[in-house]
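**Q** Just dropping this structure here.
Here, each number is a calculation from the coordinates, and none is a lab measurement. None of these values were measured; they are calculated from a predicted model. Here the Cβ positions follow ideal geometry from the backbone for every residue, glycine too, while neighbour counts run over all protein chains shown.
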Amino acid sequence: MKRKLNNIFLRLSAAFGPQHWWPAENAFEVIVGAILTQNTNWQNVEKALLRLKEQKLLTPKKLAKVRVEKLASLIKSAGYYNLKAARLKFFLRYFLRNYGGSIRRMARRDLADLRQELLGVKGIGPETADSILLYALAKPVFVIDAYTKRIFSRHKLAKEDADYSWLQQLFTRNLKHDVSLFNEYHALLVKLGKDFCRKKNPKCEICPLYGQ
């Protein structure tokens, strides 16, 4: 499995090059984006983030002061805006109460303990928690998403109904625990899933992993 995973990474790297993911100006923006991107595409999230920037609200303390109704209207482009506004508020209360809004203080926590904390925040599931840990806090945790599940099930490396934890361990047991590697590998899988290994009408014959 180690050889297979390494080969996949090398082929995708050669095909796509560096992904420079997650696109954001700072770690807090990554966190907000990770919550907003639930059940929507990144283009919609970018519009919502731009609205928050235009209003000069993209800081923990400023965002915490915004009424949930106004916040919902500002992030409307991200979809499920009322739900996501509430989830942002839940996270902000946790973040300010426990860490005073400091990314540095939060990043000093042990990975396992911090992950459990994040999963205890209403509205934050494993994928969102791990995206925050990896991309905002530079913790060596592999993010699993729908693209990863689809790609690995189609290549017979995982069952279609494989759960999050099982698939995550497939990577963590066979790859070096390196933040840069986990970051780039996940980003490459997202690129592959969006452009080739699509849910409908996949481009199998021109896929970089064709014949893998």
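**Q** Magnitude of the Cβ-charge dipole of the range 27-136, K/R +1 and D/E -1, about the Cα centre, nearest 20 debye? Don't skip to the answer; put the middle values down first.
**A** Details: 21 positive and 9 negative charges, 127 e Å.
That gives a dipole near 620 debye.
**Q** Hey, another quick one. Between His177 and Arg93, what FRET efficiency comes out of the Förster formula 1/(1 + (r/R0)^6) with R0 = 35 Å and r the beta carbon distance, rounded to 0.05? Don't skip to the end; give the middle numbers.
**A** Numbers: r = 31 Å, r/R0 = 0.89.
Approximately 0.65, to the nearest 0.05.
**Q** Note down the Stokes-Einstein diffusion coefficient of the range 79-195 in µm²/s, whole number, using a Kirkwood radius over alpha carbon pairs, 10 °C, and 1.306 mPa s. It would help to have the intermediate numbers written out before the result.
**A** Values: Rh = 15.3 Å.
D, rounded to a whole number, is 104 µm²/s.
**Q** Which net charge results when you count Lys and Arg as +1 and Asp and Glu as -1 among the other residues whose beta-carbon is under 13 Å from that of Val143? All intermediate terms of the calculation are to be shown ahead of the outcome.
**A** Details: positive: Arg115, Lys139, Lys149; negative: Glu127, Asp130, Asp145, Glu184.
Neighbourhood net charge equals -1.
**Q** A follow-up question, please. Using just the Cα positions, wrap the range 27-136 in a convex hull and report its mean projected area in square nanometres, one decimal place.
**A** Mean orientational projected area (the range 27-136, Cα hull): 5.9 nm².
**Q** Taking neighbour Cβ counts within 10 Å as the exposure measure, how do Lys84, Lys139 sort from fewest upward? Show your work: numbers first, answer last.
**A** Numbers: Lys84 25, Lys139 20.
Ascending number of Cβ neighbours within 10 Å: Lys139, Lys84.
**Q** Measure nothing but the geometry: give the 0 to 90° angle between the long axis through the Cα atoms of 27-36 and the longest principal axis through the Cα atoms of the chain, rounded to 10°.
**A** It is inclined by approximately 80 degrees.
**Q** What relative contact order, as a whole-number percentage, does the range 69-139 give when Cα pairs under 8 Å and 6 or more residues apart are counted?
**A** Details: 42 pairs, mean separation 17.9, N = 71.
Contact order relative to length: 25 percent.
**Q** All other residues with a Cβ under 15 Å from the Cβ of Pro23 taken together, and with Lys, Arg as +1 and Asp, Glu as -1, what is their net charge? Mind showing how you got there, number by number?
**A** Values: positive: Lys47, Lys53, Lys191, Lys194; negative: Glu25, Glu29, Glu46, Glu184.
In short, 0.
**Q** For the chain, treating each Cα as an identical point scatterer without solvent, what Debye log10 I(q)/I(0) comes out at q = 0.10, 0.11, 0.17 1/Å?
**A** -0.46, -0.55, -1.21
**Q** Sort 126-137, 53-64 by packing, meaning the average of other beta carbons within 10 Å per residue, with the highest value first. Please report the intermediate quantities before stating the final value.
**A** Values: 126-137: 22.2, 53-64: 14.7.
Taking the mean over residues of other Cβ atoms within 10 Å, the ranking is 126-137, 53-64.
**Q** Obtain the nm distance between the two label points defined at Leu50 and Ala15 by a simple spin-label model: each point lies 7 Å from its Cα along the Cα-to-C-beta direction.
**A** 3.0 nm
**Q** Here's something else I'd like to know. Run the dipole for the range 51-103 about the Cα centre, Lys and Arg Cβ at +1, Asp and Glu Cβ at -1, nothing else charged, and hand back the magnitude in debye, nearest 20.
**A** Details: 14 positive and 2 negative charges, 22 e Å.
Value, rounded to 20: 100 debye.
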